[in-house]
Every structure is written in C-alpha cells, then in structure tokens.
Amino acid sequence: MRAWLLNRTGPPDILSLTDVAAPEPGPDDVAIRVETIGINYAEVLSRKGLYGWAPERPYIPGMEVAGRIEAMGEAVQGRQIGERVLCGMQYGGYAERVCVTANRALSVPADFSMDEAAAFGVNFMTAWVALMEMARLRPSDRVAITAAGGGVGTAAVQIASAFGCDVVALAGADEKLELARSLGAAHTLNYRASDFEQRFDRVTVDRQLDVVLEVVGGDVFRACNGRLANFGRLVVVGYAQLDYSKWNPLSWWRAWHDAPKLKVMDAAVASTGLLATHIGYLLPDEERLLSVWSALTEFVEAHGLRPIVGSTWDFEELPEAHRFMESRASTGKLVVRVVTG
Ligand SMILES: NC(=O)c1ccc[n+]([C@@H]2O[C@H](COP(=O)([O-])OP(=O)(O)OC[C@H]3O[C@@H](n4cnc5c(N)ncnc54)[C@H](OP(=O)(O)O)[C@@H]3O)[C@@H](O)[C@H]2O)c1
C-alpha cells in the first residue's frame with residue numbers, strides 16, 4: 001500500500017510517499033480501507049518535531065481516518081465487511097489501509113459523507129471533552145473559543161451555541177469570524193487587529209467569561225485569562241502559537257514567554273480554574289472513549305450539527321494540506337481523499 005512516511009523532521013516536503021507493507025488485523029482488530037483522512041494541527045507539530053506524543057521516526061503520521069471495514073480478526077463479532085467507520089489513532093493514518101481494535105472503529109453517523117466522517121472525531125471529541133467534561137459547561141455560561149474558525153474551533157462554537165451558551169468567538173481573520181457567527185457565535189473578535197484589547201474590553205465590560213476553550217497561547221491566552229469571571233474555567237487545549245527551534249535560543253525564550261502560565265494565588269483570589277486536556281488519553285481507555293462518543297453523537301444528532309469541511313485535497317497533495325494549515329489561511333477541517341469522490 002502507499003503511505004506518507006516521516007523520516008526526518010522539517011517542512012511539508014519532508015513527508016515522503018512510499019510503498020510499504022499493508023498491516024494485517026490481529027484477532028481483535030478490523031482492517032479499514034481508508035477513504036478520507038482528517039488533517040490535525042498536531043500532525044504539523046509532529047512533522048516539525050514539536051509534538052511530545054510522536055513515536056520514534058521513521059513512522060507514518062496521521063491521527064484520524066474514515067473508510068470501510070475490509071477484513072477482521074477471528075475474535076471480532078458484530079461488525080460487517082463494508083461498514084463505514086471512523087477512527088482516531090496516535091499515528092499511522094496517512095495510509096491506504098489501517099488496522100485498529102474493533103471497538104475503536106466507530107460507526108459513521110448515517111447522514112455524514114465520508115469527508116464529514118474524517119472531519120468529525122478528533123475535533124468534536126476534543127471540543128466535547130474540553131467544554132462538557134473539563135469545564136462542566138452550563139447553558140447560562142458565556143464561553144470564549146479561540147481559533148474559532150478552525151477544526152476544533154468550529155466544533156466548539158457549534159456545541160456551545162447549541163447548548164444555549166453565549167459564545168464569544170476569537171480568531172485571527174475576519175472570514176473565520178464570519179464562519180463562527182454563521183455557526184451560532186453571538187460576538188466575534190479578531191485578535192490580530194490593533195484594537196483587539198479595547199474591543200475585548202467592550203464585549204466583556206458588563207459580563208466576563210465563564211468558560212474559555214484556548215488553543216493559541218501567548219497574548220491570546222493572557223487576554224482571555226484576564227477576563228475570566230469568578231468561578232470561571234479556562235481549558236487549555238493547545239498552544240498553536242508556540243514554535244521553537246533546537247538551534248535558536250531566542251525561540252526558546254519566546255516559547256517560554258508564550259506558554260500558558262497561571263499563578264495559583266491569582267486564581268485563588270479570583271476563584272478561577274485552569275484546566276488542560278489531551279484526548280490521546282481516550283485511546284487506551286475504550287470504556288471512556290465509547291461513553292464520550294455516545295454522549296457526543298446523541299447531542300450532535302439531537303441538534304443537527306455537522307462538521308465543517310473547509311477544503312479537500314487528493315492523497316498525493318497531502319504535504320500541500322500541511323502547508324495550508326500552517327499558513328493560518330484554513331477554515332474548518334482539511335480533509336484528504338484517498339479514494340476520490
Ligand atoms: N488537546 C487535544 O487533545 C487536542 C486535540 C486536537 C487539537 N488540539 C489543538 O487544538 C488546536 C486546533 O487544532 P486544529 O487541528 O483544529 O487546527 P486549526 O484550528 O484548524 O488550525 C490551527 C489554527 O491555529 C491558529 N494559530 C494561532 N497561532 C498560530 C500560528 N503561529 N501558526 C499556525 N496557526 C496558528 C490559526 O487560527 P487563527 O488564524 O484564527 O489564529 C490556525 O488556523 C491546535 O492547537 C491543536 O494542537 C488539541
């Protein structure tokens with residue numbers, strides 16, 4: 001089969017399309033013929049050597065795919081050849097076939113296309129765990145979401161809006177904010193505008209933030225943290241702005257400066273909480289994974305939510321999709337089609 005391999009860290013072209021042996025399912029596994037691949041920001045970080053969860057190179061990156069079951073181990077029961085499934089993994093998804101434990105191959109919601117299937121799992125589960133499990137969202141909360149036009153961001157805006165919250169969407173471009181507004185955000189703020197702080201003050205003058213889902217770091221983290229209401233909860237889900245190079249001491253300083261930080265005494269005085277989450281911990285915990293999945297899909301179906309597919313790419317163009325995500329120009333999810341159509 002063909003797969004994109006990462007032999008060395010570097011720019012998008014470092015990914016190399018290679019013929020490798022197709023994996024075979026173990027007794028409890030299903031083999032999935034991959035049709036679509038969801039691109040995640042963590043894979044950009046992995047490629048650059050900035051992701052702590054990456055395995056030793058060389059390896060096949062890729063954290064989520066959608067496709068059809070084409071083979072299964074002898075102990076697997078209740079699954080069908082040809083069934084449409086999606087699944088998350090730490091790596092291995094940039095390939096024409098993957099094998100995973102049968103319980104981790106989740107059935108694609110009936111009315112989702114295969115593009116939507118690859119755009120759903122990681123983004124919606126991340127937003128769900130951050131908002132519902134970590135921040136314990138209440139419908140009366142005012143919720144700020146950063147990088148609101150991206151994959152996780154568009155999922156979070158939809159979930160919080162459907163839950164009844166007053167959503168403040170923050171992003172680095174006006175067209176991303178328009179998208180967030182179309183998904184239910186009541187207020188929008190561009191954090192790359194020169195008057196961002198003043199505008200943020202105007203939005204929060206009468207009412208501060210009960211919950212923040214934060215993925216950027218640096219000034220954006222500080223601006224949100226500084227506007228948390230008493231009993232507010234800020235959930236760190238990422239720090240996209242952090243970029244450092246082993247050979248550049250100035251970048252170490254910038255990374256230290258931009259990393260989210262909190263003084264416990266400040267939080268105690270204001271009665272606020274800083275939380276952080278990584279959904280990678282769901283992968284080895286199938287019971288928890290399935291319970292999150294069941295609550296999430298019930299909510300999504302009840303509210304008619306759908307993942308936002310911002311762009312699609314051919315399998316051979318996968319490095320271009322990385323370049324596009326890194327450029328900050330992308331909206332919604334970037335989906336790579338292994339089988340076109
Ligand atoms: N903890 C977890 O389990 C988990 C799971 C999934 C994703 N994440 C994190 O969630 C965030 C969003 O992931 P995603 O896959 O949905 O990506 P995405 O939001 O679709 O794309 C990344 C976005 O980050 C923003 N950004 C801010 N500073 C940036 C910089 N210096 N360079 C590039 N982008 C920058 C950009 O939006 P603006 O232009 O609007 O700023 C960009 O579009 C990432 O930080 C990712 O690591 C965490």
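The values are calculated or read from the model by the stated rules, or taken from the named source; none is laboratory data. Please read all numbers here as calculations on a predicted model, not as lab measurements. Note: ideal-geometry Cβ built from the backbone for every residue, glycine included; neighbour counts use all protein chains shown. For the accessible areas, the whole protein counts, side chains as well, though only heavy atoms, and no ligand, DNA or RNA atoms are used. Shrake-Rupley method; radii C 1.70, N 1.55, O 1.52, S 1.80 Å.
Could you check, for the range 83-94, whether at least one of its residues is under 25 Å from ARG288 (Cβ atoms) and either among the hydroxyl-bearing types (Ser, Thr, Tyr) or at pLDDT below 95 (or both)?
Looking for residues that are under 25 Å from ARG288 (Cβ atoms) and either among the hydroxyl-bearing types (Ser, Thr, Tyr) or at pLDDT below 95 (or both), one finds at least one in the range 83-94, hence yes.
Look at LEU6 and say whether it is at pLDDT below 95 and open to solvent by less than 40 Å² (accessible area, probe 1.4 Å).
no
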| said: With the requirement that a residue be more than 12 Å from the ligand (Cβ to nearest atom), outside any loop (DSSP other than H, G, I, E, B) and of a type in the set (S, T, N, Q), what does the range 159-213 give you? | reply: SER161, SER182, GLN198, THR204
| Within the range 300-341, how many residues turn out to be more than 16 Å from the ligand (Cβ to nearest atom), within 23 Å of VAL98 (Cβ to Cβ) and surrounded by fewer than 18 Cβ atoms within 10 Å (Cβ to Cβ)? | 6
| remark: VAL129 meets each of (1) open to solvent by less than 30 Å² (accessible area, probe 1.4 Å); (2) over 16 Å from the mean Cα position of the chain (by Cα) with one exception, condition (2)
| Do we find a residue being more than 16 Å from the ligand (Cβ to nearest atom), in contact with a strand residue (DSSP E or B) (Cβ under 6 Å, 6 or more places away or on another chain) and modelled with pLDDT of 95 or more anywhere in the range 282-299? | no
| said: For the range 225-240, give me the residue count where each residue is part of a strand (DSSP E or B) and charged (D, E, K, R). | reply: 1
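What's the total number of residues in the range 78-104 that are touching a residue at least 24 places away in the same chain (Cβ under 8 Å) and either outside any strand (DSSP E or B) or open to solvent by 40 Å² or more (accessible area, probe 1.4 Å) (or both)? Let's see the steps before the verdict.
Keep residues of the range 78-104 that are touching a residue at least 24 places away in the same chain (Cβ under 8 Å), which gives 79, 83-104.
Retained after the next criterion (residues that are either outside any strand (DSSP E or B) or open to solvent by 40 Å² or more (accessible area, probe 1.4 Å) (or both)): 79, 83-84, 89-94, 96, 101-104.
The number of residues fulfilling the criteria is 14.
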| field | strands (runs of 3 or more DSSP E) enclosed by the range 1-61 - at least 1 residues per element that are among the aromatic types (Phe, Trp, Tyr) and either in the same structural domain as GLU316 (by TED's automatic domain parsing) or in contact with a strand residue (DSSP E or B) (Cβ under 6 Å, 6 or more places away or on another chain) (or both) | value | 2-6
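I'd like the full set of residues that are surrounded by 13 or more Cβ atoms within 10 Å (Cβ to Cβ) and farther than 23 Å from VAL269 by Cβ, limited to the range 219-250.
VAL237, GLY238, TYR239, ALA240, GLN241, LEU242, ASP243, TYR244, SER245
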| query | How many residues does the range 105-154 contain that are among the charged types (D, E, K, R) and within 16 Å of the ligand (Cβ to nearest atom)? | reply | 3
| query | Would you say ARG136 is assigned to a helix (DSSP H, G or I) and either free of Cβ contacts under 8 Å to residues at least 12 places away in the same chain or open to solvent by 10 Å² or more (accessible area, probe 1.4 Å) (or both)? | reply | no
